[in-house]
1. Of all residues in the range B:51-64, which are closer than 16 Å to B:GLU20 by Cβ and more than 13 Å from ligand 1 (Cβ to nearest atom)?
2. How many residues are crowded, with 21+ Cβ neighbours inside 10 Å and either in contact with an Asp or Glu (Cβ under 7 Å, 6 or more places away or on another chain) or not in a loop (DSSP other than H, G, I, E, B) (or both) when one looks only at the range A:174-193?
3. Looking at (1) in contact (Cβ under 8 Å) with a residue 40 or more places away in the chain; (2) over 19 Å from B:HIS27 (Cβ atoms); (3) surrounded by fewer than 24 Cβ atoms within 10 Å (Cβ to Cβ), which is the only condition B:LEU117 fails?
4. Considering only residues that are more than 14 Å from chain B (Cβ to nearest Cβ) and assigned to a strand (DSSP E or B), look in the range A:737-768 and name the one that is farthest from A:PRO651 (Cα to Cα).
5. Can you say whether A:GLY140 is without any contact (Cβ under 8 Å) to a residue 12 or more places away in the chain and either of a type outside the set (D, E, K, R) or more than 16 Å from ligand 1 (Cβ to nearest atom) (or both), as far as the supplied structure shows?
6. State whether one or more residues within the range B:58-68 are more than 7 Å from chain A (Cβ to nearest Cβ), closer than 19 Å to A:VAL26 by Cα, of a type in the set (D, E, K, R) and in contact (Cβ under 8 Å) with a residue 60 or more places away in the chain.
7. For the structure I just gave you, tell me whether A:ALA734 is within 12 Å of chain B (Cβ to nearest Cβ), free of Cβ contacts under 8 Å to residues at least 12 places away in the same chain and of a type outside the set (Val, Ile, Thr).
8. Among the residues of the range A:268-275, are any of a type in the set (S, T, N, Q), within 16 Å of ligand 1 (Cβ to nearest atom), more than 25 Å from A:GLY46 (Cβ to Cβ) and buried (at least 24 other Cβ atoms within 10 Å of the Cβ)?
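The values are calculated or read from the model by the stated rules, or taken from the named source; none is laboratory data. Keep in mind it's a predicted model, so treat the numbers as computed, not measured. Because the Cβ atoms are built from the backbone with ideal geometry, glycine has one as well, and the counts that use them run over all protein chains shown.
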Amino acid sequence: MNEQSTPTSAERVEKLQGLGSSRKRVEDVRFTQGKGNYVDDIKLPGMLFGDFVRSPYGHARVKKIDAEAALAAPGVLAVITAEDLKPLNLHYMPTLAGDVQAVLADEKVLFQNQEVAFVVAEDRYAAADGVELVEVEYEGLPVVVDAFKAMDDDAPVLREDLEGKTEGAHGPRKHHNHIFHWEVGDQAGTEKALEEADVVVEELITYPRSHPSPIETCGCVASMDKVNGKLTIWGTFQAPHAVRTVASLITNIAEHNIRIVSPDIGGGFGNKVGVYPGYICAAVASIVTGQPVKWIEDKIENLTATAFARDYHMTGKIGATKDGRITALSCNVLADHGAFDACADPTKFPAGFFSICTGSYDIPIAYAGVDGVYTNKAPGGVAYRCSFRVTEAAYMIERMVDVLARKLDMDPAELRTKNLIKKEQFPYTSALGWEYDSGDYQTAMTKALETVGYTALREEQAANRKAFEAGETRSLMGIGVAFFTEIVGAGPVKNCDILGLGMFDSCEIRIHPTGSAIARLGTISQGQGHATTFAQILASEIGIPAEDITIEEGDTDTAPYGLGTYGSRSTPVAGAATAMAGRKIRAKAQMIAAYLLEVHDNDLEWDIDRFQVKGNPERSKTMKEIAFASYNQAIPGLEPGLEAVSYYDPPNMTYPYGAYICVLDVDVDTGVIDVRRFYALDDCGTRINPMIIEGQVHGGLTEALAISMGQEITYDETGNVHGGSLLDFFLPTAVETPVWETDHTETPSPHHPIGAKGVGESPNVGGVPAFSNAVNDAFAHFGLTHTGMPHDHWRVWKTAQGLGLTG
Amino acid sequence: MAKIHVKMTVNGREVEGLAEPRTLLIHFLREDLGITGPHIGCDTSHCGACTVDLDGKSVKSCTVFVGQAEGADVTTIEGIAAADGTLHPLQEAFREHHGLQCGFCTPGMITRAHRLLQENPNPSDAEIRMGISGNLCRCTGYQNIVKAIRVAADEINSAREAAE
Ligand code: FES
Ligand code: FES
């Protein structure tokens with residue numbers, strides 16, 4: 001062989017563009033040219049359009065629906081109501097949380113903008129005309145919009161359909177508006193420890209109702225092919241296989257006759273996990289009319305009817321010694337779930353993984369209890385760019401640690417450092433039962449503090465406070481520190497399922513004769529770049545360049561079964577399945593290579609992209625050669641072809657973590673906040689594609705900015721929703737968004753095949769408390785312990801005014 | 001509803017069609033012409049996903065009636081690359097610098113940036129941020145978008161200088 005032409009090991013690794021490479025995204029070639037294929041881009045012959053008549057009331061009886069005028073309008077073909085769905089038993093659908101949700105209002109509406117009737121017309125304009133013409137007679141009922149009043153004795157009964165049901169999906173219900181009580185930990189022991197503590201702080205921390213609000217709303221195209229009896233639904237589904245199974249269970253159409261396809265998805269952030277009435281109505285309309293039916297919600301519908309997030313009222317209590325050692329934590333949560341319990345949590349976890357609320361700290365004893373209640377608000381409760389209820393937990397503990405620091409008159413960073421779980425304690429079992437896989441928290445904390453020059457910042461702040469007192473400035477400097485631990489990658493089938501479906505994930509690989517490959521997964525990208533990164537995982541495992549590997553997801557007819565993409569589970573679960581399937585390929589490849597080289601399997605070793613004879617690297621077979629041999633040689637004892645499938649049941653969750661520091665200035669006269677600096681150090685274990693990780697962190701931090709500084713969906717006392725359009729709901733533009741500084745440490749997960757932990761959601765989980773702590777910190781020296789989110793100008797100004805700081 | 005006859009140039013091609021007067025330009029483009037690059041992300045003219053170029057100005061095509069575009073010269077994301085398929089420096093830079101994730105805002109964002117660089121060929125970062133503030137992105141946090149636009153501007157400028 002010609003010496004010069006033999007690539008070096010480094011060149012071969014480079015060519016693979018495997019793990020650790022900032023490979024450019026393959027998706028972008030299409031997207032930058034307007035060649036994406038999102039659900040609203042789908043156009044089928046004879047396609048009709050569906051649109052909803054929605055309730056103007058928060059709580060009302062539906063007395064009469066008159067569709068006559070609508071049906072007479074040009075282009076309107078049908079108006080579907082609950083009465084039409086009843087004979088099919090489709091007027092209610094199961095939710096992911098074990099409750100049911102009205103597909104179309106059954107005699108009563110329970111939140112403003114609830115779906116009341118579905119108008120099917122020739123195009124979207126005619127459908128909108130039809131919606132205007134449907135006459136609905138309502139009789140208003142008293143509303144419950146304050147979660148704290150939901151369980152009053154005289155609170156109106158919201159869910160008449162549950163009348164007499166004292167047992168819910170998660171145990172006993174103690175009131176007609178009660179959904180569940182869930183608790184974990186040692187309540188008596190925690191109370192005792194709190195009583196015995198030198199200091200105790202208590203605070204009600206509210207995480208307001210928000211919404212994931214991707215730029216693309218939810219929608220679908222349902223097409224019933226009456227000739228072969230097959231129902232196909234293209235839609236914005238973060239979990240296509242789960243949707244297929246649910247669709248089969250509720251329609252009684254056999255699962256093989258349903259095909260669910262997720263095309264390109266324009267962002268999800270949790271919004272597209274649930275099953276919504278629009279999907280069911282479009283499917284029914286297609287079955288009835290025999291024509292494809294498209295349903296695409298508009299932004300107002302998206303914000304007010306599909307998938308809110310948060311709405312947690314958390315009362316935290318921390319006990320500590322005088323010198324700042326945390327001795328106990330308790331937290332009682334009132335969870336506002338809206339009109340139907342449609343939370344997208346693993347079934348056995350009605351409060352998600354809220355019990356990660358001991359955070360990054362070594363807390364000896366703890367208790368968490370959560371009560372869910374019904375109110376006249378939209379259903380949802382999705383994990384908005386976080387793992388299930390983890391951002392709520394992180395916000396609570398990170399705010400509480402700051403509250404404790406005030407009480408002890410200690411620096412918040414120092415207090416954290418004192419209580420961080422130590423490197424040698426991993427794997428660490430928390431007081432609430434989670435086994436944290438790996439971490440080196442102190443190193444991350446120290447690196448963060450040093451990089452931002454924390455000591456100097458505090459000195460500058462002291463000077464700023466003096467200047468403020470002296471009347472030399474009207475601006476206050478705030479420094480926010482957060483050290484968060486996420487829990488992602490749900491999860492082990494033994495305790496994680498959704499509607500009985502174990503939360504494993506899958507990958508199926510087929511190597512083509514000429515040495516390129518296709519891999520199909522049970523997940524679905526919504527911007528995470530799976531087509532790029534999963535090919536990288538595989539490239540490193542099987543030695544085929546990433547550019548020669550096609551990644552396909554989202555079509556239930558071709559992809560192996562998986563539970564989809566949310567809760568940062570793709571990398572921890574499907575990423576692991578990919579590596580494991582790759583290893584099966586390699587194992588067979590080794591046998592083929594042994595045959596070709598006429599040596600024993602054990603005499604071979606893997607080297608980047610080939611098997612070589614131990615001690616004689618000149619004798620080798622590349623993966624490409626092996627692939628071809630697998631198709632053209634009759635190898636004794638081996639089947640032809642080179643394929644593998646892996647269903648990966650993770651042994652544990654993964655626990656990414658990070659240290660975030662925010663520096664901002666607050667103008668006390670206007671409440672305007674200027675984020676001067678935001679530093680984010682993430683440890684997500686092995687880094688598959690640093691460029692993509694950084695992009696995910698930028699995006700997550702921007703969502704954290706949005707949540708902490710402005711997002712809120714509220715309801716007035718008559719049940720009208722506020723914050724339900726982009727006029728009121730804050731999505732930051734490039735102008736409000738600061739420049740992000742990112743950094744990392746790398747502590748691989750010991751139980752994940754490649755050590756990766758997942759990162760997409762960390763910045764939201766850690767970012768929110770960092771911002772909020774910074775705002776609170778700006779006022780701390782005036783005795784402020786806690787002011788709630790969102791920290792919009794008005795609220796911040798109110799806080800300043802309350803402290804007597806405004807002119 | 002009676003339809004009106006409309007005629008315009010889209011991406012250099014003359015097109016015509018019949019549409020109800022209330023038809024929004026975005027719907028005419030997407031549904032009648034099959035030009036699905038520009039997207040719909042809101043109902044309040046906030047998101048900019050529908051941004052197209054209309055007679056040399058960026059417009060949100062969800063806020064323009066099709067009749068208002070009568071006789072106009074419209075450019076969408078599909079018309080940004082050169083006729084021979086060579087990508088525009090902005091398209092290259094968005095990919096190179098990871099200026100997109102889900103890609104839903106991208107057509108509007110690039111189309112807007114394309115116009116911005118004609119209005120101001122050498123914008124500062126602050127001017128870029130202001131210049132794209134009518135276009136929302138939920139995925140990227142804008143940082144890499146700003147970078148991509150700056151890099152593309154530099155490239156276009158040096159290509160122009162080299163040509164002069
Ligand atoms: S669709 Fe949002 S601005 Fe046009
Ligand atoms: S890339 Fe997803 S909205 Fe911008």
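1. none
2. Step one: of the range A:174-193, the residues crowded, with 21+ Cβ neighbours inside 10 Å are A:177, A:179-180, A:182, A:185, A:190, A:193.
Add one more test, that the residue is either in contact with an Asp or Glu (Cβ under 7 Å, 6 or more places away or on another chain) or not in a loop (DSSP other than H, G, I, E, B) (or both), and what stays is A:179-180, A:182, A:185, A:190, A:193.
Qualifying residue count, the range A:174-193: 6.
3. Going through (1) in contact (Cβ under 8 Å) with a residue 40 or more places away in the chain; (2) over 19 Å from B:HIS27 (Cβ atoms); (3) surrounded by fewer than 24 Cβ atoms within 10 Å (Cβ to Cβ) one by one, B:LEU117 breaks only (1).
4. Looking at the filtered set, the residue picked out is A:ASP743.
5. Details: without any contact (Cβ under 8 Å) to a residue 12 or more places away in the chain: no; either of a type outside the set (D, E, K, R) or more than 16 Å from ligand 1 (Cβ to nearest atom) (or both): yes.
Considered against the rule, which asks whether it is without any contact (Cβ under 8 Å) to a residue 12 or more places away in the chain and either of a type outside the set (D, E, K, R) or more than 16 Å from ligand 1 (Cβ to nearest atom) (or both), A:GLY140 comes out as no.
6. No, every residue in the range B:58-68 fails to be more than 7 Å from chain A (Cβ to nearest Cβ), closer than 19 Å to A:VAL26 by Cα, of a type in the set (D, E, K, R) and in contact (Cβ under 8 Å) with a residue 60 or more places away in the chain.
7. yes
8. no
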